[in-house]
Amino acid sequence: MTRLSADGFPAAVPGLAGLLIDAVAGGASLGFLAPLDRDAAARWWQAQLPSVADGSRTVWVGHGPDGVSGTVSLTLEQKANGRHRGEIVKLMVHRDARGRGLARALLTVAEEAAVRAGATLLLLDTETGSAADHLYRTAGWTRYGIVPDYAADPDGTLQDCSFYYKRLG
């Protein structure tokens, strides 16, 4: 895994955009509707640069023979009363790289970084019944609720969302 610095982040945007497009095309509920075009995907990633630069977001990528194969981000709460917690966001693996443990490895890297940053609690959400839902349950996360019809999948169909937490350290 490679942690992206603020200086290196812009060069990674094309690969991250391609990964996001692939994930959305594959049905991943990441906040975007299909079809997602390259410019929109790149703009979303470019908009994350300020939070990478100020340290409130850390982004890792896993590389394969064809470029970026996976990514995960860790955001740390900036409010004084929440500095003990963080959130796992935008964990995605290219369809061609799935089933090889990359998602679990990315998740582990983010969890370990959260511990080093002093976080004792992590949160995340994912589409109920998805492969990611299964990953989090088997990686020791605790589901604390399901909200029906929380968000639309890439095809526009409303899906339930599972909310998870994990205590660290």
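Condition test on Thr126, is it polar (S, T, N, Q) and open to solvent by 30 Å² or more (accessible area, probe 1.4 Å)? When the stated conditions are applied, Thr126 does not pass them. Looking at Gly67, Gly26, Gly31, Gly62, just one residue is within 26 Å of Thr128 (Cα to Cα), in contact (Cβ under 8 Å) with a residue 40 or more places away in the chain, touching a helix residue (DSSP H, G or I) at 6+ places or on another chain (Cβ under 8 Å) and surrounded by fewer than 20 Cβ atoms within 10 Å (Cβ to Cβ), and that residue is Gly26. Filter segment 26-45 for residues that are under 21 Å from Gly86 (Cα atoms) and not aromatic (Phe, Trp, Tyr) and give the result. Those that are under 21 Å from Gly86 (Cα atoms) and not aromatic (Phe, Trp, Tyr): Ser29, Leu30, Gly31. On the given criteria, is Ser73 open to solvent by less than 20 Å² (accessible area, probe 1.4 Å) and either in a loop (DSSP other than H, G, I, E, B) or free of Cβ contacts under 8 Å to residues at least 40 places away in the same chain (or both)? Yes. Of the residues Gly101, Gly145, Gly156, which single one is within 17 Å of the chain's Cα centre (by Cα) and either open to solvent by less than 50 Å² (accessible area, probe 1.4 Å) or more than 17 Å from Ser56 (Cβ to Cβ) (or both)? It is Gly101.
When Ala6 is tested against the conditions (1) assigned to a loop (DSSP other than H, G, I, E, B); (2) closer than 24 Å to Leu135 by Cα; (3) over 17 Å from the mean Cα position of the chain (by Cα), the lone failure is (2). You will find that of Arg116, Arg137, the residue that is farther than 24 Å from Ala17 by Cα and surrounded by fewer than 13 Cβ atoms within 10 Å (Cβ to Cβ) is Arg116 and no other.
Taking each residue of segment 128-143 that is among the hydroxyl-bearing types (Ser, Thr, Tyr) and looking for partners that are open to solvent by less than 40 Å² (accessible area, probe 1.4 Å) with beta-carbon atoms closer than 6 Å, six or more apart or interchain, yields Thr128/Ser162; Tyr136/Tyr164. Please work out if Ile88 is open to solvent by 30 Å² or more (accessible area, probe 1.4 Å) and β-branched (Val, Ile, Thr). Considered against the rule, which asks whether it is open to solvent by 30 Å² or more (accessible area, probe 1.4 Å) and β-branched (Val, Ile, Thr), Ile88 comes out as no.
Here Trp44 clears all of (1) surrounded by 19 or more Cβ atoms within 10 Å (Cβ to Cβ); (2) within 25 Å of Cys161 (Cα to Cα) except the condition numbered (1).
The single condition among (1) modelled with pLDDT of 95 or more; (2) more than 21 Å from Asp133 (Cα to Cα) that Ala80 does not satisfy is (1).
The values are calculated or read from the model by the stated rules, or taken from the named source; none is laboratory data. Here the structure is a predicted model, which is why all the values come from computation and not from measurement. We place every Cβ from the backbone using ideal geometry, glycine too, and count neighbours over all the protein chains shown. The area values use the complete protein model at the heavy-atom level, side chains included, leaving out ligands, DNA and RNA. Shrake-Rupley method; radii C 1.70, N 1.55, O 1.52, S 1.80 Å.
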